[in-house]
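Some notes on the structure that comes next.
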Amino acid sequence: WGSLGHITVAYIASNFVKPETTAYFQGLLRNDTEHYLAGVATWADSIRYTKWGRFSRNFHFIDAKDTPPTACGVDFARDCKEDGCVVSSLQNYTSQLLPTSVGSEGDLPAWRRAQAAKFVIHFVGDVHQPLHAENVAQGGNGIHVLWDGAELNLHHVWDSSIAEKMLGAGRRVKPYPTAFAWAANLTAQIRDGKYAGPRDSWTKGMDLDDVVATAMVWAGESNAYICSHVLPEGPEAIVSQELAGEYYEKAAPVIELQVAKAGYRLAAWLDLIVDRIS
Ligand code: DCM
Ligand code: DCM
Ligand code: ZN
Ligand code: ZN
């Protein structure tokens with residue numbers, strides 16, 4: 001996701017975590033405000049193009065080598081690169097937040113746990129972006145499309161353009177207030193609106209002791225949208241097509257759902273981590 005998506009996911013999570021979870025992460029991230037998660041949600045993107053952060057450049061996605069639109073599917077052994085992917089990264093950085101045994105002194109120092117938290121907060125978001133669970137044209141980066149007549153790549157459309165259009169937010173609008181308002185709306189939908197029914201199924205089976213299996217469920221759901229909504233007629237058919245019309249109308253509800261789900265799951269994930277620590 002672009003900044004708007006990541007920050008919204010983080011604000012939704014802060015609306016659902018338990019008070020103990022808020023206290024723990026406010027302490028770790030040294031931020032006592034309601035922005036403690038949102039404020040670090042894009043950090044992983046800010047370092048991925050730096051020399052220091054290069055190691056993490058492939059951690060944001062898993063390249064499902066499937067054949068949309070006829071067959072979609074993610075396979076951890078096939079699709080997670082040797083040097084890591086979003087699923088193995090969630091495994092790695094989640095484990096860095098946990099004590100090796102109850103009350104053990106083997107914990108990583110606070111600055112390492114803070115860094116791990118920032119990666120987890122970001123990657124739970126990214127794994128819910130359909131094109132972060134697809135190999136074709138490097139997650140759609142190599143597919144040129146039109147957006148209100150302007151040339152964009154398909155990945156950018158799904159990372160940012162659809163959400164921005166839905167919110168009536170210009171490309172250069174400040175993301176924090178926009179994300180805060182979007183998160184409030186999606187939080188209400190999860191509490192007692194259109195997502196109140198499905199919300200329990202979103203967190204079913206989440207397992208801190210099997211992060212790969214948990215995150216693969218998330219990646220599999222994202223990847224399924226490649227066949228149904230992202231490339232419904234395949235990668236060739238979409239080239240140079242205008243996507244801000246009918247395509248947008250079908251895609252917008254998927255973006256809303258995936259952002260809401262990611263935020264709600266991030267809250268549950270952080271709660272599980274704090275439950276394990278205390
Ligand atoms: N942090 C980190 N790595 C460092 C220094 C700090 O991950 N080498 C974390 C600790 C804080 C967050 O980054 O949670 C912001 O730190 P600062 O206020 O130093 O920018
Ligand atoms: N990306 C992806 N899958 C890939 C390659 C990249 O999902 N196989 C994502 C990561 C960034 C965006 O696409 O969100 C741009 O990546 P890059 O700057 O590495 O081209
Ligand atoms: Zn992206
Ligand atoms: Zn990312």
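The values are calculated or read from the model by the stated rules, or taken from the named source; none is laboratory data. Given the structure is predicted, the values throughout are model-derived calculations rather than measurements. Positions of Cβ are backbone-derived with ideal geometry, glycine not excepted, and every protein chain shown enters the neighbour counts. Ligands, DNA and RNA are excluded from the accessible area calculation, which covers all protein heavy atoms including side chains. Shrake-Rupley method; radii C 1.70, N 1.55, O 1.52, S 1.80 Å.
In the chain, Cα pairs under 8 Å separated by at least six residues give a relative contact order of 32 percent.
Karplus-derived 3J(HN,Hα) values for region 31-41, using 6.51 cos²θ - 1.76 cosθ + 1.60 with θ = phi - 60°, are 8, 8, 8, 6, 9, 4, 8, 4, x, 10, 5 Hz; glycine and proline are entered as x.
Measure up Lys18/Lys118; Lys81/Lys204; Lys51/Lys118 against 20 Å on the Cα-Cα distance and list the ones that go over. Intermediate results must be reported in sequence, preceding the final value.
Numbers: Lys18/Lys118 18 Å; Lys81/Lys204 27 Å; Lys51/Lys118 18 Å.
Long pairs (Cα-Cα over 20 Å): Lys81/Lys204.
Using only Cα atoms and rounding to the nearest 10 degrees, what angle (0 to 90) does helix 86-97 make with the longest principal axis of the chain? Value to nearest ten degrees: 20.
On a 1.4 Å probe surface of the protein chains, which of Tyr176, Tyr49, Tyr248, Tyr36 comes out largest in accessible area, and what is the full order?
Numbers: Tyr176 85, Tyr49 185, Tyr248 25, Tyr36 5 Å².
So, going from the largest accessible area down, we get Tyr49, Tyr176, Tyr248, Tyr36.
Which sequence of Ile226, Ile277 reflects their accessible areas, 1.4 Å probe, from the largest down? List each step's numbers first, then the result.
Details: Ile226 0, Ile277 60 Å².
These residues rank, largest area first, as Ile277, Ile226.
The residues of region 1-102 expose on average 46 square angstrom of accessible surface per residue, using a 1.4 Å probe on protein heavy atoms. Out of the total accessible area of the chain (probe 1.4 Å, heavy atoms of protein only), what percent is carbon and sulfur? The nonpolar share, carbon plus sulfur, comes to 52 percent. Across region 47-56, coupling constants 3J(HN,Hα) worked out from phi with the 6.51/-1.76/1.60 Karplus curve, θ = phi - 60°, read 9, 5, 9, 8, 4, 5, x, 3, 4, 9 Hz, and Gly and Pro carry x.
In percent, how large is the relative contact order of region 48-183, given Cα pairs closer than 8 Å and 6 or more residues apart? Don't skip to the answer; put the middle values down first.
On the way: 147 pairs, mean separation 27.2, N = 136.
Averaging sequence separation for qualifying contacts and normalising by length gives 20 percent for region 48-183.
Legend: residues Trp43, Trp218, Trp52, sorted from most to least accessible area (1.4 Å probe; ligands, DNA and RNA excluded), read Trp52, Trp43, Trp218. By how many degrees, between 0 and 90 and to the nearest 10, does the Cα long axis of helix 19-28 differ from the longest principal axis of the chain? On a 0 to 90 degree scale, this one is about 90.
Report the FRET efficiency, 1/(1 + (r/R0)^6), for Asn31 and Ala150, where r is their Cβ-Cβ distance and R0 is 45 Å, rounded to 0.05.
Efficiency for this residue pair is about 0.75.
How tilted is helix 175-192 with respect to the longest principal axis of the chain? Cα atoms for both, answer in degrees (0 to 90, nearest 10). That works out to roughly 80 degrees. In region 27-108, Cα pairs under 8 Å separated by at least six residues give a relative contact order of 18 percent. Looking at region 117-261, the accessible area is 43 square angstrom per residue; that uses a 1.4 Å probe and ignores ligands, DNA and RNA. Between amide H atoms placed 1.01 Å from N, distances below 5 Å from Glu242 occur with Leu146, all of them 5 or more places distant or on a separate chain.
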